[in-house]
């Protein structure tokens, strides 16, 4: 199975979109049912070319009686039932439609409920990041899943950000480069110390992180218990590593298990895909899944970076699979990837060799005609 990712605004109001997508050679569309804010280009749409999406929204009717403290926003840039309209049009073209929902990445709710967001070891809030340690956040995510399955009755469910978001975030006028923080530094800044998470950590965890990140680079590591620029999380956290790692993994697992239970109760036969990362410290769209989960149908790994690194990640996910589970490769069809079928074919073959049996292509509503042609040709050349 190959999946093309699109947004409701790519389809609603454009009668040519379903046929164009079907001609790619995919059999399934991942259609966003809940998504964060963005600024989107829609090069094929007859009514607009640039669309500002100022806040996260739910693209299905919002039945207020089903929600608790957290209620998603409705869109004003599309009809409130844009998902349903797009789904109907895509199914008429012979395509299956999977509901793609982003869970804890929500600046609209994070801004309104600052007590529920991720906070780093310095106490700085990340307003785009709802922390799933809070019952209100768990209830919100659970309702998001059950309402999507109930109202849309999709052919599949795709879960993104099924765990805590971290430091890394592409927001408007991002000004975070230049501090020369290492990947380990950003992982440390991704650990949440909100009022619910903090009591679970050893008491010295936050002070240790603050010391590491603020430490002068000239201090001798031989005489200092907190060497600067630690190159791994094990190095940075030292004797605290195992306990902190276990707490972090449990946080994502608790959310995932609750959502899987709700989904299986609401729609027992609907396949469920998780955007996953085998690294236990992972945060963001691809949730930490270091031990696998037999209740999932598909594990999708990010393939937007170095091909060798991405392939290794897919292999790690494949090694976590139980019989019947599949691995998907989330493939970027946009810049900086070239609009070249030969290059894309090489990438897809490398990912297939690493264990991927399906390709998730991002994203077909924005990709130029040359890129869509490259995608079509690459898919045709796969064995």
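Nothing in this text is a laboratory measurement; each read-out follows from the coordinates by a stated rule. These figures come from a predicted structure and were not determined experimentally. Ideal geometry is used to build each Cβ from the backbone, glycine not excepted, and the neighbour counts take in all protein chains shown.
Adding -39500 (n - 2.57) for every DSSP H run of four residues or longer, then dividing by how many residues the chain holds, sets the calculated 222 nm ellipticity at -10500 deg cm²/dmol.
Compared with the direct C-alpha span, the chain from residue 182 to residue 122 gains 19.9 nm at full extension, assuming 0.36 nm per residue. With the simple spin-label model, which puts each label point 7 Å out from Cα in the Cβ direction, the residue 63 to residue 211 separation comes to 5.4 nm.
Here r is the Cβ-Cβ distance between residue 195 and residue 243 and R0 is 22 Å; the resulting FRET efficiency, rounded to 0.05, is 0.70. Label separation (residue 346 vs residue 203): 5.7 nm, computed from points 7 Å beyond Cα along the C-beta direction. One chain, two ends: residue 265 and residue 306. Fully extended at 0.36 nm per residue, the span grows by 10.9 nm beyond their Cα-Cα distance. With a ≥ b ≥ c taken as the square roots of the eigenvalues of the C-alpha gyration tensor of segment 64-138, please select rounded if a/c is under 1.5 and otherwise prolate if a/b is larger than b/c or oblate if it is not? Since a/c reaches 1.5 and a/b is larger than b/c, the shape of segment 64-138 is classed as prolate. Applying 1/(1 + (r/R0)^6) with r as the Cβ-Cβ distance of residue 39 and residue 322 and R0 = 51 angstrom yields a FRET efficiency of 0.80.
A Förster radius of 35 Å, combined with the Cβ-Cβ distance separating residue 48 from residue 1, puts the computed FRET efficiency at roughly 0.70. Rounded, prolate or oblate: pick one for segment 34-78, where a ≥ b ≥ c are the square roots of the eigenvalues of its C-alpha gyration tensor, a/c under 1.5 means rounded, and failing that, prolate if a/b is larger than b/c, else oblate. Prolate is the answer for segment 34-78, as a/c is 1.5 or above and a/b outweighs b/c.
Working ranking of peptides 1-7, 272-278 by packing, defined as the average number of other Cβ atoms within 10 Å per residue, highest first, is 272-278, 1-7. Where the centroid of each part is defined by its Cα atoms, how far is segment 305-355 from segment 98-165 in Å? Computed from Cα coordinates, the inter-centre distance equals 27 Å. Our note on the geometry: Cα centres of segment 356-383 and segment 1-71, 18 Å apart.
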